[in-house]
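Data block below; observations after.
Nothing in this text is a laboratory measurement; each read-out follows from the coordinates by a stated rule. The model shown is predicted, which means the values in this text are computed figures rather than measured ones. Don't worry about glycine lacking a Cβ; one is built from the backbone with ideal geometry, like all the others, and counts go over all protein chains shown.
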């Protein structure tokens, strides 16, 4: 599927609102607009079946309990050894 660009002109209040929405969602303005517009126009492709071009297949997701355990094992790396720096 080819990627194309689209120029979108709107009032500054609208631009501010869409930027605030994208910041709140933690996504780009482009992704926010797609999220909002796609269902309205009936464009509902399944992203899970699309090939990805990132490192996602090498990354895992930690549950909160696992994350806490991992952070506990890494806490020593945030400590400065004063004797070593004399």
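Taking label points 7 Å from Cα along the Cα-to-Cβ direction, residue 81 and residue 11 give a separation of 6.3 nm. Please list, in order, the residues from region 20-36 whose amide nitrogen is less than 13 Å from a point placed 7 Å along the Cα→Cβ vector of residue 43. Inside the label zone: 30-36.
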